[in-house]
Amino acid sequence: MTRIREDILNKAIALFLQQGVWNVSMDEIAAYADVSKMTLYKYFDDKTGLLEQVGYAIVTHAQSGFLHVEDSEMTLTARMADFLTEAATFVDNGYYQLCIDLCEKSDKIQKAFTIFKRAQERILGELIEEGIVQHRFKPELDSRMIFDYINMGIAYYENHAPYREQMTKDLDFRDRMMRFLVGNIFLDDASVLEYGEYDGT
């Protein structure tokens, strides 16, 4: 990807996050990216093509974060924390909603987003299976229950703005909530403490 093309995509994403996908024209993107319309159309045939490339760029970037978690050699609890951090960041940055908006207009983006979500679920499943082998989870819980529990938490975060706002702005609430949520599945208090002390950096 050339620097100019990458810059146009980044500027387009910024505008879409600020104003909404359908409220931004190609003229506005060209002006914001400080390129001529001729240059813009050199890299993107039309707005549909630009939107598809925006979708691919967002999904690819997000997926790389989850793959980094998968390849990490940190403890299981730290990787679980990183996994949830990646999921939350994808939402907090506005990328989740932007992808949803783009999926409504493009089957290609919908397919790419579906592949991304499946990869995310696969990595979560692998982390859970590792935890079961290590006897880190409460014995009355099976892998499906843990998977659905975590996925429901992610979905609630994705779709409930008041909860999301409190989690991001009230650090004491976030700490207590995460200790509560993680404590419901991990077997020992040490795991909960490790999670609580891990800040994702």
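Here, each number is a calculation from the coordinates, and none is a lab measurement. As the structure is a computational prediction, the values presented were derived from the model and not from experiment. With ideal geometry, Cβ positions are generated from the backbone for all residues, glycine too; neighbour counts draw on all protein chains shown.
Structure values in brief
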{"quantity": "Pair list, Cβ under 7 Å, 6 or more apart: segment 1-22 residue without any contact (Cβ under 8 Å) to a residue 24 or more places away in the chain, other residue surrounded by 12 or more Cβ atoms within 10 Å (Cβ to Cβ)", "calculated": "LYS11/ILE29; LYS11/TYR32; LYS11/ALA33; LEU15/VAL24; LEU15/GLU28; LEU15/ILE29; LEU15/TYR32"}
{"quantity": "In segment 51-94, residue farthest from the chain's Cα centre (by Cα) [restricted to those that are closer than 23 Å to ASP7 by Cβ and crowded, with 21+ Cβ neighbours inside 10 Å]", "calculated": "LEU51"}
{"quantity": "Selection count where residues are among the polar types (S, T, N, Q) and part of a helix (DSSP H, G or I), scope segment 101-115", "calculated": "2"}
{"quantity": "Listing of helices (runs of 4 or more DSSP H) fully contained in segment 1-50 that carry 2 or more residues being basic (Lys, Arg) and more than 20 Å from ILE100 (Cβ to Cβ)", "calculated": "3-19, 37-43"}
{"quantity": "Checking GLU28 against (1) within 30 Å of ILE128 (Cβ to Cβ); (2) among the acidic types (Asp, Glu); (3) free of Cβ contacts under 8 Å to residues at least 24 places away in the same chain, the condition it does not meet", "calculated": "(1)"}
